[in-house]
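Where a number appears in this text, it was derived from the coordinates with a stated rule and is not lab data. This structure is a prediction, so every number in the text was calculated from the model and none was measured. Counting neighbours? That spans all protein chains shown, and the Cβs are built from the backbone with ideal geometry, glycine included.
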């Protein structure tokens, strides 16, 4: 059921099934491999409105093995087809709604960054994140104040 918002799933169980498959089971599938590696880090890609419950729960169960758990908001990333073609009227209207909403709390909204720039920034934060700060959620800038 890709593309649905949380309130559009037919039942809470349907949402939970997808969530478990995507987040929980994919993380659990890789933990045995990660235990044998030197970099004991698990990144949960999130958003500014993401939920920390899973990251914190997982962090508690793997803390003894020296894992770093971190949730990162990637920032406003241009993943649209506008990278290769002009935006449609619908895309322009949707982006306008988003920026109007954000401008209520953030007077100056930077333009979206490229996927490559976002990933590079996230990796910089992730690769330098210390074990002592495991379980946090930060932006691609590595802080809790600058989300875009």
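Measuring r between the beta carbons of residue 96 and residue 119 and using R0 = 30 Å, the FRET efficiency lands at 0.70.
Quick check: Cα centre of the range 128-147 to Cα centre of the range 89-120, how many Å? Value for the Cα centre distance between the two parts: 22 Å. In plain terms, the chain from residue 38 to residue 13 could stretch by 5.3 nm, reckoned as 0.36 nm per residue minus the Cα-Cα distance. Ranked for footprinting exposure by Cβ neighbours inside 10 Å, fewest first, 41, 96, 104, 17 give 104, 96, 17, 41.
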